[in-house]
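The values are calculated or read from the model by the stated rules, or taken from the named source; none is laboratory data. Every value quoted in this text rests on a predicted model; they were computed, and no experiment measured them. In this analysis, Cβ positions are derived from the backbone assuming ideal geometry, glycine residues included, and neighbour counts consider all displayed protein chains.
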Amino acid sequence: MGKMKKTMFVGAIGLALLLAGCGDDTATTDDSEKSNDKVSAEESKATETKVIGAHEDLNQEPIPIKFERIGEHEVNIEMTAQITDIEIAKGEIYKAWTFNGEAPGPLVVVNEGDTMNFTLKNLDPAIPHSMDFHAVETSPTKNFIDIEPNESGTFTFTANRPGVFMYHCATGPALSHIANGMHGVVIVKPKDGYPTDDQVDKEFALIQNEWYNYNDLEDFTDGTPNQVVFSTKALKEGDRNTNGDTFTLKDEPLEAKVGERIRLYVNNVGPNQVSSFHVVGAQFDVTYLDGNPENVLKGMQTVQLPASGGAVVEFEVFEEGDYTIVTHQFNHVQKGAAAIIRVTADGE
């Protein structure tokens with residue numbers, strides 16, 4: 001297991017940047033300002049929730065993930081931490097902290113046993129970011145460490161177990177980084193496949209996440225989400241790739257054909273809420289909890305996904321119609337958590 005290689009900024013500036021992860025961009029060294037404890041609660045909240053100064057007019061063009069297989073069991077992966085505007089509801093733009101300009105970030109698909117050489121480039125000019133892969137067994141203090149602005153870091157690990165795993169920024173406060181958009185999913189495909197591989201006609205990847213008041217740690221901690229949303233991510237070249245919003249997968253449904261067996265790779269990246277994952281009009285013939293083929297459930301109506309929890313679910317569609325994907329916590333459906341699979345006779 002390789003150690004993260006990076007250039008570190010040591011001392012007051014680096015510490016101030018870390019602690020200011022969800023606040024103002026100004027790290028003052030003026031003694032009088034440091035000792036001023038008379039700021040009102042209203043002024044403190046205004047400072048806490050404002051756009052970090054260096055982000056205010058920043059909208060970095062999404063940079064595609066770099067994925068290269070360099071051997072039968074080895075891959076190179078390069079991702080970026082960047083600030084990119086995301087439309088989370090019609091007409092509502094969120095200045096998201098992202099991986100590669102996507103929120104959730106790009107889907108990473110590898111095979112069980114693959115060695116992954118991972119590099120993170122931090123394009124955020126103001127604050128450090130990092131990467132925590134739930135698919136990894138390693139020392140967080142060695143490898144999930146902060147990458148300073150305009151720096152990069154690399155570590156190497158092996159994907160030892162199959163599953164549908166969350167990844168996210170782990171820089172403190174981690175809640176701010178995740179809630180602001182720095183989350184995504186890694187699929188580690190089992191080396192011997194799933195027992196039902198030869199039965200599946202269509203595959204989609206679905207991710208659930210939440211949006212709160214912008215960069216508001218108090219709301220992230222104690223509030224309820226403004227939006228709960230789904231996105232789909234490309235499993236292979238040519239597949240659709242959307243951000244987490246309230247409308248895209250309703251206005252532009254996923255498509256399937258009568259009689260097809262559908263597989264969904266699902267993850268709830270939270271950061272806080274549980275998902276009661278359900279497809280209206282369908283039953284899950286088989287469910288692999290956390291995407292591991294050893295964790296098999298049959299005939300499920302709803303699959304509970306804790307924050308970061310994943311699953312692979314499979315079902316057949318027998319009639320034409322719109323099959324709505326929801327979390328069966330319907331207060332969250334009211335906040336956007338629905339997507340549609342449109343089933344037609346010819347799949348068009």
Here is a list: 222, 216, 201. Which entry is within 25 Å of residue 254 (Cβ to Cβ) and among the acidic types (Asp, Glu)? 201
Meets criteria (over 30 Å from residue 160 (Cβ atoms), assigned to a strand (DSSP E or B), touching a residue at least 24 places away in the same chain (Cβ under 8 Å) and small (Gly, Ala, Ser)) for residue 311: no
Please state which one of 194, 212 is modelled with pLDDT of 95 or more, within 21 Å of residue 108 (Cβ to Cβ) and either charged (D, E, K, R) or touching a Pro at 6+ places or on another chain (Cβ under 8 Å) (or both). 194
Tabulated pairs, the range 271-289, first farther than 26 Å from residue 184 by Cβ and modelled with pLDDT under 95, second of a type in the set (A, V, I, L, M) and surrounded by 21 or more Cβ atoms within 10 Å (Cβ to Cβ), C-beta under 9 angstrom, 6+ apart or interchain: none
Could you list all residues from the range 287-300 that are crowded, with 20+ Cβ neighbours inside 10 Å and of a type in the set (A, V, I, L, M)? 289
Determine, yes or no, whether residue 172 is outside any loop (DSSP other than H, G, I, E, B), of a type in the set (Gly, Ala, Ser) and either crowded, with 24+ Cβ neighbours inside 10 Å or out of contact with any strand residue (DSSP E or B) (no Cβ under 8 Å at 6 or more places or on another chain) (or both). no
Quick one: in the range 115-147, of everything that is in contact with a Ser or Thr (Cβ under 7 Å, 6 or more places away or on another chain) and assigned to a loop (DSSP other than H, G, I, E, B), which residue is nearest to residue 205 (Cα to Cα)? 134
Residue by residue through the range 231-255, note down the ones that are closer than 12 Å to residue 104 by Cα, buried (at least 17 other Cβ atoms within 10 Å of the Cβ) and among the polar types (S, T, N, Q). 231, 232, 242, 243
Is it the case that some residue within the range 175-189 is under 15 Å from residue 308 (Cβ atoms) and surrounded by fewer than 20 Cβ atoms within 10 Å (Cβ to Cβ)? yes
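Conditions (1) surrounded by fewer than 20 Cβ atoms within 10 Å (Cβ to Cβ); (2) β-branched (Val, Ile, Thr), marked per residue:
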| residue | (1), (2) |
| --- | --- |
| 104 | no, no |
| 108 | no, yes |
| 115 | yes, yes |
| 122 | no, no |
| 130 | no, no |
| 140 | yes, no |
| 143 | no, no |
| 155 | no, no |
Does any residue in the range 336-348 that is farther than 30 Å from residue 225 by Cβ and of a type in the set (Asp, Glu) come within less than 8 Å, Cβ to Cβ, of a residue that is at pLDDT 95 or above and assigned to a strand (DSSP E or B) six or more places away or on a different chain, and which pairs are these? 346/257; 348/255
Only one of 266, 258, 200 is modelled with pLDDT of 95 or more, among the β-branched types (Val, Ile, Thr) and either under 25 Å from residue 136 (Cβ atoms) or surrounded by 24 or more Cβ atoms within 10 Å (Cβ to Cβ) (or both); which? 266
Here is a list of conditions, (1) of a type in the set (A, V, I, L, M); (2) in a loop (DSSP other than H, G, I, E, B); (3) at pLDDT 95 or above, and residue 39 meets all of them except one; can you say which number that is? (3)
With respect to the numbered conditions (1) in contact with a helix residue (DSSP H, G or I) (Cβ under 6 Å, 6 or more places away or on another chain); (2) not in a loop (DSSP other than H, G, I, E, B), which one is the sole condition not fulfilled by residue 77? (1)
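Got at least one residue in the range 210-219 being of a type in the set (D, E, K, R), within 19 Å of residue 166 (Cα to Cα) and surrounded by 15 or more Cβ atoms within 10 Å (Cβ to Cβ)? Show your work before the answer.
Within the range 210-219, the first condition is being of a type in the set (D, E, K, R), and the residues that meet it are 210, 216, 218-219.
Filter again for within 19 Å of residue 166 (Cα to Cα), leaving 210.
Now drop any that are not surrounded by 15 or more Cβ atoms within 10 Å (Cβ to Cβ), which leaves 210.
Yes, the range 210-219 has at least one match.
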The lone condition residue 331 fails out of (1) more than 20 Å from the chain's Cα centre (by Cα); (2) surrounded by 14 or more Cβ atoms within 10 Å (Cβ to Cβ); (3) not in a loop (DSSP other than H, G, I, E, B) is (2)
Report, by residue number, each residue of the range 220-232 that is in contact (Cβ under 8 Å) with a residue 40 or more places away in the chain and either of a type in the set (A, V, I, L, M) or farther than 15 Å from residue 103 by Cα (or both). 220, 221, 225, 226, 228, 229
Given the conditions (1) surrounded by 17 or more Cβ atoms within 10 Å (Cβ to Cβ); (2) more than 30 Å from residue 176 (Cα to Cα), every one holds for residue 307 apart from (2)
